[in-house]
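The values are calculated or read from the model by the stated rules, or taken from the named source; none is laboratory data. Just so you know, these numbers come straight off a predicted model, no measurement behind them. Glycine gets a Cβ as well: all are built from the backbone with ideal geometry, and neighbour counts include every protein chain shown. Protein only, heavy atoms only, side chains kept; ligands, DNA and RNA dropped before computing areas. Shrake-Rupley method; radii C 1.70, N 1.55, O 1.52, S 1.80 Å.
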Amino acid sequence: NAGQVRAALHTEIHSLVVAGKRYFANMSDPQIPAALLPAVTGVVSLNNIMPQPMLVPRAQYSVAPADLPVVPGDLAAIYNLAPVFSSGYTGQGQTIVVVENTDLYNGTADWDTFRSTFGLSRYSHGSLTQAHPAPASGGWACNDPGVNGDDAEAAIDVEWASAAAPNAAIVMASCADTTIFGGLIALQNLLTNGGPLPSAVSISYGAAEIFDGAPLNSY
């Protein structure tokens, strides 16, 4: 009961309404008796407040002659990637995993259009696949999240990962949210299920550390 939770973890779990949505969350960082230190790695699922996508949707608009949209060529200019690409460092043989909690809206179609529009398709070794990483024994089940409201975030993530490393294998790893963000479930499974480790991992969802609490920040 609530009293046992409070006595064991020295915190309370409350029901909260934030911006019109209902959540549950612990009101302070939990505390574990020192005697349990050898047996406890961490505390999870005391709240269901998820990291948020960083995409800010805008209304449909047309690009005027004076507008200067940012495109992959600008990324290469800003970070001086042209000499790196010219030297043969284009991501070939490397795997970049982007972790998400959604599937892509139409598979690789948007990614293909992005690459062909901005001249990236000439890097013929670049690829995009979607995966739902299986857990290690006893780990978190990874359920297919389907397409949801975060699909635009996922589309941007795979496109711009490819802009930075156009010959890399981009793997979009996603799991459905539980009381844990699905992207973190996907990442944990990738790191612990005995499969090959990616060269790089990207996560674009964010949350303020002050609100996450010590357990999630440690994780």
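Could you give every pair whose Cβ atoms fall below 7 Å, whose first residue belongs to the range 82-97 and is over 11 Å from Ala164 (Cα atoms), and whose second residue is part of a loop (DSSP other than H, G, I, E, B) and among the polar types (S, T, N, Q), counting only separations of at least 6 or pairs across chains?
Pairs found: Gln92/Asn167; Gln94/Ser199; Thr95/Ser199.
Go through the range 72-92 residue by residue and tally those that are part of a loop (DSSP other than H, G, I, E, B) and under 22 Å from the mean Cα position of the chain (by Cα). Talk me through it step by step, then tell me what you get.
Let us first name the residues in the range 72-92 that are part of a loop (DSSP other than H, G, I, E, B), namely 79-81, 87-92.
This time we only want the ones that are under 22 Å from the mean Cα position of the chain (by Cα), so: 91.
Number of matching residues: 1.
Output the residue which, of all residues in the range 187-219 that are touching a residue at least 24 places away in the same chain (Cβ under 8 Å), over 29 Å from Gly93 (Cα atoms) and in a helix (DSSP H, G or I), is most open to solvent (accessible area, probe 1.4 Å).
Phe211
Quick one: in the range 141-186, of everything that is among the β-branched types (Val, Ile, Thr) and not in a helix (DSSP H, G or I), which residue is nearest to Gln94 (Cα to Cα)?
So the first thing to find is which residues in the range 141-186 are among the β-branched types (Val, Ile, Thr), and the list is 147, 156, 158, 170-171, 178-180, 185.
This time we only want the ones that are not in a helix (DSSP H, G or I), so: 147, 170-171, 178-180.
Working: Val147: 27, Ile170: 9, Val171: 11, Thr178: 30, Thr179: 32, Ile180: 28 Å.
Of everything passing the filter in the range 141-186, Ile170 is nearest to Gln94 (Cα to Cα).
Considering the range 41-66 alone, what residues qualify as being open to solvent by 50 Å² or more (accessible area, probe 1.4 Å), polar (S, T, N, Q) and either within 25 Å of Ala2 (Cα to Cα) or part of a loop (DSSP other than H, G, I, E, B) (or both)? Talk me through it step by step, then tell me what you get.
So in the range 41-66, the residues open to solvent by 50 Å² or more (accessible area, probe 1.4 Å) come out as 41-42, 44, 49, 52, 54-63, 65-66.
With polar (S, T, N, Q) added as a condition, the list becomes 41, 52, 60, 62.
Thr41, Gln60, Ser62, listed by residue number.
Give the residues of the range 1-40 that are open to solvent by 80 Å² or more (accessible area, probe 1.4 Å) and within 23 Å of Asn101 (Cβ to Cβ), sorted by residue number.
Pass one, the range 1-40, residues open to solvent by 80 Å² or more (accessible area, probe 1.4 Å): 1, 4, 6, 10, 17, 19, 21-22, 27, 31, 34-39.
Scanning the range 1-40 gives Val17, Ala19, Lys21, Arg22.
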